[in-house]
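See below for the structure under consideration.
Where a number appears in this text, it was derived from the coordinates with a stated rule and is not lab data. All values reported here derive from a predicted model rather than from experimental measurement. Positions of Cβ are backbone-derived with ideal geometry, glycine not excepted, and every protein chain shown enters the neighbour counts.
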Amino acid sequence: MELDMAADELKSVLNRLRRAQGQLAGIIRMIEEGRDCEDVITQMAAVSRALDRAGFAIIATGLQHCMADGGHEPEDRDQMRARLEKLFLSLA
């Protein structure tokens, strides 16, 4: 299955992934510096959420493309995508 996303959708997902990458690098530094365990775990949870959000955005976009053949207006598709993404996030 090919990842087929519009430029703005792709940019959003890539931004989330880059942010998570930066957070992960920060976690590695924190561990190397012997930082407090609670601080490390808090940052790990933030990275996990960022990755989940990126994954859910990809899933929601994929569903949107599947439904695009249904003759919905672009605004309806955008609203549908946002609702699906929100739904997936609430289930996580």
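Quick notes on this one:
- Relative packing of 42-54, 17-29, which averages over residues the other C-beta atoms within 10 Å, highest first: 42-54, 17-29
- Karplus-derived 3J(HN,Hα) values for segment 35-43, using 6.51 cos²θ - 1.76 cosθ + 1.60 with θ = phi - 60°, are 5, 4, 4, 4, 5, 5, 5, 4, 5 Hz; glycine and proline are entered as x.
- Near ARG35, no amide H atom lies under 5 Å from its own; only residues 5 or more places off or on other chains count, and H is placed 1.01 Å from N.
- Each peptide in 82-88, 55-61 gets a packing score, the mean of other Cβ atoms within 10 Å over its residues, and the list from highest to lowest is 55-61, 82-88.
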